[in-house]
Amino acid sequence: MALSSDSIQVSEWVSTVDTVFPNHANPLGTLFGGRVLELMDVNAAIAATRFCRQPAVTASTEPIDFHNPIYVGEIIEVKSRVTWVGTTSMIIRCEVFGENPLTGERRLCTVGHMSFVAIGDDGKPCKVPRLHVESDIEKLHHIEGQRVREAIMHRRQHQP
């Protein structure tokens, strides 16, 4: 059931956990970046869909830098939530962690932002609810999401 665009919606974190197997790794034994991006995209899509209760599609991704590798046998966790909304679009923050399952040592491997657009029954973009922002971290993420949106708009204006 689609939510009213007049409603104010909280965005909860969506978490996906997986184990890194050899078929997802490069010759150095670390997880392929493309696999990380795939997991981020799927996780972000779930966060977007849960937020607006409409199908949502990826419109763009911001540059993603990998800061730490995730090794074969380790756990990968992807956490995503909506941090900014426009009329039909949403900016989703994705955080990726690697974890050694034997020691419990966790490290942040990357943070990325993806833009999604809600799609209505007619196949066209549809309005999304407003985002409830309350905590200090939500406010910080909202400001960052606004910057991401501004960067997207700037990039679109300067593309041939």
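Is it the case, given these coordinates, that V96 is modelled with pLDDT of 95 or more, more than 24 Å from H132 (Cβ to Cβ), surrounded by 18 or more Cβ atoms within 10 Å (Cβ to Cβ) and more than 17 Å from the chain's Cα centre (by Cα)? It would help to see each step written out before you state the result.
Numbers: modelled with pLDDT of 95 or more: yes; more than 24 Å from H132 (Cβ to Cβ): yes; surrounded by 18 or more Cβ atoms within 10 Å (Cβ to Cβ): yes; more than 17 Å from the chain's Cα centre (by Cα): no.
No, not satisfied.
Going by the conditions given, is I137 more than 15 Å from A44 (Cα to Cα), aliphatic (A, V, I, L, M) and either within 17 Å of the chain's Cα centre (by Cα) or at pLDDT below 95 (or both)? It would help to see each step written out before you state the result.
Numbers: more than 15 Å from A44 (Cα to Cα): yes; aliphatic (A, V, I, L, M): yes; either within 17 Å of the chain's Cα centre (by Cα) or at pLDDT below 95 (or both): yes.
Yes: the conditions hold for I137.
Count, please, the residues in region 48-93 that happen to be in contact with an Asp or Glu (Cβ under 8 Å, 6 or more places away or on another chain), aliphatic (A, V, I, L, M) and either free of Cβ contacts under 8 Å to residues at least 12 places away in the same chain or crowded, with 18+ Cβ neighbours inside 10 Å (or both).
2
Give V96, V133 a once-over and let me know the one that is of a type in the set (V, I, T) and either in contact (Cβ under 8 Å) with a residue 24 or more places away in the chain or not in a loop (DSSP other than H, G, I, E, B) (or both). Even if it seems obvious, please write down each step before you answer.
Details: V133 fails: either in contact (Cβ under 8 Å) with a residue 24 or more places away in the chain or not in a loop (DSSP other than H, G, I, E, B) (or both).
Answer to the selection: V96.
Filter region 86-113 for residues that are β-branched (V, I, T) and under 15 Å from V20 (Cβ atoms) and give the result.
Within region 86-113, the first condition is being β-branched (V, I, T), and the residues that meet it are 87-88, 91-92, 96, 103, 110-111.
Correct list: V96, T110.
Of all residues in region 7-38, which are closer than 20 Å to I92 by Cα and either crowded, with 21+ Cβ neighbours inside 10 Å or without any contact (Cβ under 8 Å) to a residue 24 or more places away in the chain (or both)?
Within region 7-38, S11, V14, G34, R35, V36, E38 meet the criteria.
Quick one: in region 63-88, of everything that is more than 19 Å from L140 (Cα to Cα) and in a strand (DSSP E or B), which residue is nearest to the chain's Cα centre (by Cα)?
For region 63-88, the residue satisfying everything is V78.
Can you find, within region 108-143, the residue that is surrounded by the fewest Cβ atoms within 10 Å (Cβ to Cβ) among those that are in contact with a strand residue (DSSP E or B) (Cβ under 8 Å, 6 or more places away or on another chain), of a type in the set (D, E, K, R) and under 18 Å from T87 (Cα atoms)?
Pass one, region 108-143, residues in contact with a strand residue (DSSP E or B) (Cβ under 8 Å, 6 or more places away or on another chain): 108-119, 125-132, 138, 141-142.
If we keep only those that are of a type in the set (D, E, K, R) as well, we get 127, 130, 138.
Among the residues that remain, those that are also under 18 Å from T87 (Cα atoms) are: 127, 130.
Details: K127: 18, R130: 14.
Per the stated criteria, the residue is R130.
The values are calculated or read from the model by the stated rules, or taken from the named source; none is laboratory data. In this text, all values refer to a predicted model and were calculated from it rather than measured experimentally. Cβ sites come from the backbone with ideal geometry, for glycine too, and all protein chains shown count toward neighbours.
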